[in-house]
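Data first, discussion second: the structure below is written as structure tokens.
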Amino acid sequence: MRFRGHAFVDWDDTIAENIRYFREAEEENVRRIAAATGWDPGEVRRRGRELDVTVARRMGLVKESFATAWIECYREFCARAGIRPEAAVEAAIRETCLIPYQVRQELLPGAAETLAWLNQTGFEVIIWTAGDEAVQRRKVRESGLEHLTHRVVVVPEKSPERLREALGHRDPARSFVMGNSAHSDIRPALALGLLALHIPAETWAYDQVEIDPTDPNYHRLERITDAPPVLSRRFEEAV
Ligand SMILES: [Mg+2]
């Protein structure tokens with residue numbers, strides 16, 4: 001089968017809601033820690049988010065890192081308050097931190113239509129996503145969009161090297177990356193000279209990085225449904 005081109009499509013916060021579930025879990029933990037220790041919720045939130053990034057850099061993008069960070073946060077505020085951490089509170093934090101990995105995600109507006117368009121117009125659709133292999137595959141399976149995808153590639157962390165591996169024999173000039181993260185999606189694409197379609201969404205502090213908006217391969221889109229016109233101009237019809 002000859003494809004018109006190869007689409008490397010990010011999943012979380014490009015196709016499906018993700019960060020929203022983390023924010024909700026964070027807020028639950030902020031309330032819980034503030035109530036248990038008497039500390040100001042704003043201070044708990046600030047420190048918890050800081051630890052979330054620190055711990056993720058230490059442990060990598062594994063699902064244990066989220067709970068580890070919030071339990072560390074709880075223990076810190078207990079120490080500041082001069083009280084002993086309680087096992088029951090830690091168990092509750094752990095449980096709340098699992099929700100974003102287990103929830104059935106809502107699809108983002110226009111995502112299903114755009115994947116359908118890519119299929120109909122002859123693109124190979126490769127979901128290129130970072131995180132826990134089983135979790136990411138379950139998300140795609142439960143989305144109802146699996147029939148619109150040709151492949152799912154899950155990597156522990158996105159980088160130019162990982163993207164090069166995922167590309168394999170595909171021609172970089174006939175491939176593109178579409179995603180919400182400057183760090184994980186756009187930077188690797190531009191590093192390999194691929195077209196990069198950036199659909200910014202709120203992103204985790206871990207993921208923030210400067211990119212060169214003057215790179216001719218860089219396209220910033222307001223919404224995912226702006227992708228088809230850009231792709232139609234760049235890629236000829238299937239041959
Ligand atoms: Mg993403």
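Which residues, taken from the range 148-167, are open to solvent by 50 Å² or more (accessible area, probe 1.4 Å) and modelled with pLDDT of 95 or more?
Hits for the range 148-167 are H150, R151, E161, R162, R164, E165.
Determine the pairs where a residue that is in the same structural domain as V135 (by TED's automatic domain parsing) and under 20 Å from Q136 (Cβ atoms), located within the range 49-64, has a partner that is open to solvent by 70 Å² or more (accessible area, probe 1.4 Å) and not β-branched (V, I, T) with Cβ atoms under 8 Å apart, the partner being 6 or more residues away or on another chain.
none
Determine the pairs where a residue that is aromatic (F, W, Y) and in a helix (DSSP H, G or I), located within the range 115-136, has a partner that is modelled with pLDDT of 95 or more and more than 14 Å from the ligand (Cβ to nearest atom) with Cβ atoms under 7 Å apart, the partner being 6 or more residues away or on another chain.
The qualifying pairs are W117/P228.
Any idea which residue in the range 17-27 is nearest to the chain's Cα centre (by Cα), counting only those that are within 14 Å of I93 (Cα to Cα) and surrounded by 17 or more Cβ atoms within 10 Å (Cβ to Cβ)?
Filtering the range 17-27 for residues that are within 14 Å of I93 (Cα to Cα) and surrounded by 17 or more Cβ atoms within 10 Å (Cβ to Cβ), the one nearest to the chain's Cα centre (by Cα) comes out as F22.
Looking only at the range 52-67, count every residue that is surrounded by fewer than 19 Cβ atoms within 10 Å (Cβ to Cβ), assigned to a helix (DSSP H, G or I) and either of a type in the set (V, I, T) or modelled with pLDDT of 95 or more (or both) and tell me the total.
Residues that pass the stated criteria total 2.
Please specify each residue of the range 75-97 satisfying the condition of being open to solvent by 70 Å² or more (accessible area, probe 1.4 Å) and assigned to a helix (DSSP H, G or I).
R75, A79, R80, A87, A88, R94, E95, listed by residue number.
Taking into account only those residues within the range 55-67 that are touching an Asp or Glu at 6+ places or on another chain (Cβ under 9 Å) and more than 16 Å from the ligand (Cβ to nearest atom), which is nearest to A88 (Cα to Cα)?
Here the answer is A67.
From the residues in the range 176-186 that are surrounded by 23 or more Cβ atoms within 10 Å (Cβ to Cβ) and either part of a strand (DSSP E or B) or of a type outside the set (G, A, S) (or both), which one is farthest from the ligand (Cβ to nearest atom)?
Residue satisfying both the conditions and the ranking: F176.
Scan the range 208-231 for residues that are in a helix (DSSP H, G or I) and either outside the structural domain of T114 (by TED's automatic domain parsing) or within 24 Å of the chain's Cα centre (by Cα) (or both) and jot them down.
Of everything in the range 208-231, those that are in a helix (DSSP H, G or I) and either outside the structural domain of T114 (by TED's automatic domain parsing) or within 24 Å of the chain's Cα centre (by Cα) (or both) turn out to be I224, T225, D226, A227, P228, V230, L231.
The values are calculated or read from the model by the stated rules, or taken from the named source; none is laboratory data. Since the structure is predicted, the reported quantities are computational estimates derived from the model, not experimental observations. No Cβ is skipped: glycine too gets one built from the backbone with ideal geometry, and neighbour counts run over all protein chains shown. For the accessible areas, the whole protein counts, side chains as well, though only heavy atoms, and no ligand, DNA or RNA atoms are used. Shrake-Rupley method; radii C 1.70, N 1.55, O 1.52, S 1.80 Å.
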